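Structure first, commentary second.
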Amino acid sequence: MWPTVDGLRMLRGAEAELLRGAIDMMVDHLLAEYRDDENAWRYGIDGFDMWDADQRIWMLEQVTRGLLTRRRPLAPAAIWEATIDAILCEIMDQIEIEITDPTLANPDRTWRQCVMDAFHCQQGRFPSIDPADDHLSNWRAVVATVGDVILAAASYQKTESLRDTNIERLQQFLVERGLPDDFLDVIPPIRSVEQTQASIDKIRSLVAS
């Protein structure tokens, strides 16, 4: 279960399918880094990118369970919000790839069509954009709208900036948002190879459901 704009719920339909696809791609990147020592796929989201591959895999597992199952919701923490943002960045990365090289696009179902379907699932209407539009800025706006429904009122970027500049204002902000004192302090554990493989297997099973 996940606290969306529409309340606490499990993602379903085209909305869930979009995120399943993005999460599946993220696992591929993380596996290449973890097993083959390839360079990390960076999203520009420090709250996600800063951790080791095994830690990011664990974070992705926790968020995937939250989004796609009826599991008890996670306690609010900055690392979960950062992980959601990384998933949204993955969607944009895939859209950029299919625009840059159309031969890599799935002719039956492009990432852009998946985003439009997820938007329709959430809003009851399609966005005002052509599925063949090749302007990234236009797609970024649509993906951001989809993300806003899922992530609701994201707080991690604001709290991180306040931690660096104004601790008293940070505490006030946490109270105003109803966030726990340890919102910024929750960190992913260091995990064994066996534990990491179990997380990978769980994510794969969830995105294949």
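The values are calculated or read from the model by the stated rules, or taken from the named source; none is laboratory data. Given the structure is predicted, the values throughout are model-derived calculations rather than measurements. Counting neighbours? That spans all protein chains shown, and the Cβs are built from the backbone with ideal geometry, glycine included. To get the accessible areas, we keep the full protein, side chains included, count just its heavy atoms, and leave off ligands, DNA and RNA. Shrake-Rupley method; radii C 1.70, N 1.55, O 1.52, S 1.80 Å.
Along its first, second and third principal axes, ordered by size, region 1-87 spans 39, 25, 20 Å in Cα coordinates.
Using a Förster distance of 30 Å, how high is the FRET efficiency between Arg72 and Met50, based on the Cβ-Cβ distance and rounded to 0.05? List each step's numbers first, then the result.
Values: r = 27 Å, r/R0 = 0.90.
In this case the efficiency is close to 0.65.
Here the spin labels are modelled as points 7 Å beyond Cα on the Cα-Cβ line, and at Asn39 and Asp24 they lie 2.7 nm apart. Quick check: residue separation of Glu98 and Phe126 times 0.36 nm, minus the Cα distance between them. What number comes out in nm? Here the answer is 8.0 nm. The portion of the accessible surface of the chain made up by carbon and sulfur, rounded to a whole percent, is 50 (1.4 Å probe; DNA, RNA and ligands excluded).
Quick check on the chain: helices-only [θ] at 222 nm, where DSSP H runs of length 4 and up contribute -39,500 (n - 2.57) each and the sum goes over total residues. Nearest 500, please. Show your work: numbers first, answer last.
Values: 9 runs with 132 residues, N = 209.
Dividing the helical sum by the residues of the chain leaves -20500 deg cm²/dmol.
Hydrodynamic estimate: the Kirkwood radius of region 2-208 over Cα pairs, inserted into Stokes-Einstein at 4 °C and 1.567 mPa s, corresponds to D of 72 µm²/s.
With a probe of 1.4 Å, find how much accessible area the chain has per residue, and write the answer as a whole number in Å².
Numbers: 10590 Å² over 209 residues.
Here the residues of the chain average 51 Å² of exposed surface.
Centre-to-centre separation between the Cα atoms of region 117-160 and those of region 21-100: 17 Å. Loop-resident GluC sites (Glu not before Pro) (DSSP state other than H, G, I, E or B) in region 1-66 with no more than 13 further Cβ atoms inside 10 Å of their Cβ: Glu38.
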